[in-house]
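The values are calculated or read from the model by the stated rules, or taken from the named source; none is laboratory data. Note that this is a predicted model, so its numbers are computed, not measured. Positions of Cβ are generated from backbone atoms using ideal geometry, with glycine treated the same way; all protein chains shown enter the neighbour counts. Accessible surface areas use protein heavy atoms only, side chains included; no ligands, DNA or RNA. Shrake-Rupley method; radii C 1.70, N 1.55, O 1.52, S 1.80 Å.
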Amino acid sequence: MSAVLQTRNLVKKFGAFAATNDVTLNIEHGARHALIGPNGAGKTTLINLLTGFLEPTAGEVFLKGYNVTKLAQHQRVKRGLARTFQINRLFADMTVLESVTMAVCERLGFGWNWWRPVGRHVAAIDEAADLLASLRLIDVANEKTRNLAYGKQRLIEIALALAAKPQVLLLDEPAAGVPTGESRELFETIARLPHDVTILLIEHDMDLVFRFADRISVLVNGALLTEDTPEAIASDKRVKEVYLGEAIHG
Amino acid sequence: MVREPALHESMMRPLAAQAPESTVAPDLAPLRRAAAWRVPEVIFWLIPLIAYFLFPKSLSLLSQIAITALFALSIDLILGYAGIVTLGHAAFFGLGAYAAGLLAKYGYGDPLLGLAFAAAVATAVGFLTSFLVLRGTDLTRLMVTLGVAMMLFEAANKATPFTGGVDGLQGVEMTRLLGVFGFDLYGKTAYWYSVAVLFVLFWVARRIVHSPFGMSLRGIKQNVARMPAIGAPVHGRLVAVYTLGAAYAGVAGALLTQTTQFVSLDVLAFTRSAEIMLMLVLGGTGCLYGALIGTIVFMTAHHFLSDLNPQYWQFWLGAALVLIVLFARDGIMGIAQRLQARLARRATP
Amino acid sequence: MTIIFDGLAEGMLLFLISVGLSVTLGLMNFVNLAHGAFAMVGGYACALLLSRAGIPFLLAVPIAAAAAALAGVILERTLYRRLYTASHLDQVLFSIGLNFMAVATAHFFFGAQQQPFVLPDFLKGQINLPGLDIGIYRLFLIVVGVILTVALQWLVGSTRFGAQLRAAVDNPRVARGLGINVDRVFTLTFALGSALAGLGGALGVEMLGLDPGFPLKYIVYFLIVVAVGGTGNIKGSLLAALMLGIFDVAGKYLVPQVGSFVIYAVMVVMLIFRPQGFFGRATTR
């Protein structure tokens, strides 16, 4: 197996504070990789460095072997790296179908097309509709995003990321704020994603992490503590110390 | 460490095979037909025709309305669709006005050439200043746009030999439109010329807002942080639309110069920037017809009320603005849509 | 030298008027383009008290500030309050609307002409030093400006009210949880901003003149001061205003053909390289 997403000695400092401290990470192709760590460990900062939302103080990011450290966010998306957000970032006044069609159009390179109406990009609309069907969102396709329940909105987060047909998908706490019953459904949806899509997951619910992931990295104070299989992580004393007080299921 | 086998297995299956059958057939029609012309639109565009016959003596006012509507359209693209706040949009209107005026004054009086030249000047300045404007927050944008407009105003004010300063630019003489239609005293040519340019550019704008590019502008306005994550270059799109808006404003300014054969310094004034924003907000932002209707209502009210008493007009204008912001942020079009929705609900209980 | 002194005085006057805007815009994050209207309230109050009621200048000025503060409280309670969470664009539109209303109202009651304004004798005249003419009124402005700066710094930085204000702005919900009456703090702060505007307006009649167009004519200058000084930064506003005053006066004396162009250019350049203001903190939103 080859690493599809790598970081090399990645550092991000805010003033004197190192939010990401010398992180070297390899995510294998097709992996279900989870990134865990206590609050404030720098998980979201790391995601932001991977996607290009933040610029690293030092170090490099490689996507499919290509150095993307200098690339802007949208250029990394074009190269197959998509993400969801911990807090919904949706298009409140668009219908679900509209927003996903927009994302599909961007992937297909129609974003600069200023003449032909969206309605005549039939292939893009059909693809968006298929995607919505696969995420069980088709019955709300013509609803405005703002009128949907939170659980549905979390699914749109994923739909927008999938519209980019990513090879690597970064899920930043996809179930955050979703009631327990619905989060299970959400994870079933995520688990059904095709296996050639590599997934890096940030999640607080250890139960979900250990059921979903085949590889886990533990981040503490911005640095990687360890990386291993779920079984090994579950029995790792250092990880238990970090999570003292938080129950580890398994 | 026991994994649920069912979940694990399902992971291996491809996406399509797993897609649950939807109970509802996907209704794609609303999106597919979003850009189709509708009956009320066709009726709306009959107004200029009817107005010509109903008010043959007010053609100069009607031309002004058409020109201002084009200006409102230009700020709607920038502010209404892409959400770029500006307090200095008159900069481009004024640039277009002076560009067309100077070109005509120095011997090139062909109207369409003037429009093209004005559009080119406004486009160039719009493109260059877009890089200044698009940095920073809303507050910075407000200030920078204001500052750029004020600089141009001062420049035009002080460059008296060139622009005529406070006295305005005299000696603008236009040749026949298309070599056939001279600009007559009754303003007939001016009227049809303005309406035709407005319609053509409206039609282009309508294509643009319904295109994927236009949709991405709405996306940027609604959630700017998401757009890069779906692969859209936000900065490039904003530069493009800001430049486009500048070009539209430049054409509007050129039309004013050509139809009045004069350029007054107040084409660049702060009040012009403020008023055009006001017309847009009155009609409804982010909606092309909002820009047009807002302009018509504003200009008509201005015409009748300010004749009565200018202070009276200004006071109620201010009051209207305060009320709109507090109670009807989506303007006339928003109110109309809400009424329509209410009627529709009553019709189908 | 005289240019620098006059520039300082004009700058101080700009500061006196703008610092109120710095308070509302910077501390409360409200883009109040109607700030000039409150200054105008102070200006008219002062001018009328002097010319019609015959009240002495030193008494008329504080009354004028109080009148502006009162107007501020009334409008804050009824209108401004609803827009604290609105977008900056909405705030701009709203306050432009208020400006229009204020201009029309002033026009209606006081006419379009400049208000007559006579300074008391002890503020008239000049002190002539070799190479420097010091107008006494200008000196007076500078002194008032310095006193006010110190007082404001103390109020916002070192008093209980200042701490409450900063807490209320940073996070209204938490501040409420701490038992701070956020609504009252905001009302008081807005009143303070208006009072400062009124004070500046009253003191400025002599130099800037006073007619109904006042709120629109000078708003750009106030905004420049706040933008360049950094919002909510009293010391920054002071330095920006002084710089602006000196530039403006020097420009008018030395290169009149350029006019205000320089000032706008300076502002745009400033905003581009230091969007947080020249003296602003880099971390503020």
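Here are a few things to note about the model shown:
- Gap separating the Cα centres of the range A:157-185 and the range A:30-100, nearest whole Å: 13
- With a 1.4 angstrom probe, the accessible area lost at the B-C interface totals about 3400 Å².
- For chain B: accessible area per residue (Å², 1.4 Å): 43
- Considering only B:PHE92, B:LEU73, C:VAL118, and ranking their Cα positions along the charge dipole of the protein assembly as shown that arises from unit charges at the beta-carbon of Lys, Arg, Asp and Glu, the one farthest toward the positive end is B:LEU73.
- A run of chain A free of exposed loop cleavage sites, with GluC sites (Glu not before Pro) counted only in DSSP states other than H, G, I, E and B and at most 15 other beta carbons within 10 Å, reaches its longest extent at A:1-142.
- Listing of the range B:122-147 residues, each with accessible area lower by at least 20 Å² in the full protein assembly than in the chain alone (probe 1.4 Å): B:LEU132, B:ARG135, B:ASP138, B:LEU139, B:THR140, B:LEU142, B:MET143, B:VAL144, B:LEU146, B:GLY147
- On Cα atoms only, tilt of A:180-191 relative to the major axis of chain A in degrees: 80
- Residues listed by number, the range B:49-64, amide nitrogen under 15 Å from B:LYS188 label point at 7 Å toward C-beta: B:52-60
- Prolate/oblate/rounded call for the range C:19-212, Cα gyration tensor, a/c under 1.5 rounded: oblate
- Dipole-positive endmost among A:ALA123, A:GLN86, A:ALA31 within chain A (Cβ charges, Cα centre): A:ALA123
- Net charge, C:LEU188 excluded, C-beta distance under 15 Å - Lys, Arg +1, Asp, Glu -1: +3
- Segments B:202-213, B:49-60 sorted - mean Cβ within 10 Å per residue, highest first: B:202-213, B:49-60
- Its Cα centre serving as origin, the protein assembly as shown has a Cβ charge dipole (Lys and Arg +1, Asp and Glu -1) of approximately 360 debye.
- Shape analysis of chain B places it in the prolate category; the axes a ≥ b ≥ c from the Cα gyration tensor give an a/c of at least 1.5, with a/b above b/c.
- Summed over qualifying helices (DSSP H, 4 residues or more, each -39500 (n - 2.57)) and divided by its residue number, the protein assembly as shown shows a 222 nm mean residue ellipticity of -19000 deg cm²/dmol.
- A straight chain from C:ARG77 to C:VAL262 at 0.36 nm per residue would run longer than the Cα-Cα distance by 62.7 nm.
- Shape of the range B:173-295, Cα gyration tensor, a/c cut at 1.5: prolate
- Surface composition of the range C:19-212: carbon plus sulfur atoms contribute 65% of the solvent-accessible area (1.4 Å probe, protein chains only, all chains present).
- Placing pseudo-labels 7 Å out from each Cα toward the beta carbon at A:LYS13 and A:ASN67 gives an inter-label distance of 2.1 nm.
- For the residues of B:309-316, the average number of beta carbons from a partner chain within 10 Å of their own beta carbon is 5.
- Estimated dipole of chain A in Debye, rounded to 20 [Cβ of Lys and Arg +1, of Asp and Glu -1, Cα centre]: 720
- Relative contact order (%) - criterion: Cα under 8 Å, at least six apart; region: the range A:33-164: 28
- When chain B is described by a simple charge dipole with +1 on each Lys and Arg Cβ and -1 on each Asp and Glu Cβ, the residue from B:MET279, B:VAL234, B:GLN258 located farthest towards its positive end is B:VAL234.
- Amide H contacts of A:LEU5 (H built 1.01 Å from N, under 5 Å, at least 5 apart or other chain): A:ILE27, A:LYS64
- Rounded to the nearest 10 degrees, the inclination of helix B:59-75 to the longest alpha-carbon principal axis of chain B is 40 degrees.
- Annotation for B:THR271 and B:ARG342: the two label points, set 7 Å from Cα along the Cα-Cβ direction, are 3.6 nm apart.
- Relative contact order of the range B:37-300, taken over Cα pairs closer than 8 Å and 6 or more residues apart, is 39 percent.
- Taking every residue in A:99-108 and counting other chain Cβ atoms within 10 Å of its Cβ, the average works out to 5.
- Loss of accessible area when B meets A, both sides summed, Å² nearest 100, probe 1.4 Å: 5200
- Against chain C, whose longest principal axis comes from its Cα atoms, helix C:160-170 is set at around 70 degrees.
- Rolling a 1.4 angstrom probe over chain B with all protein chains present gives an accessible area of which 68% lies on carbon and sulfur atoms.
- Comparing C:SER87, C:SER95, C:SER194 in a Gaussian network model of chain C where C-alpha atoms under 10 Å apart are linked, the largest mean-square fluctuation is found at C:SER87.
- Averaged over C:261-269, number of beta-carbon atoms from partner chains that fall within 10 Å: 6
- In the range C:104-208, trypsin sites (Lys or Arg not before Pro) in a DSSP loop with at most 13 other beta-carbon atoms within 10 Å: C:LYS124
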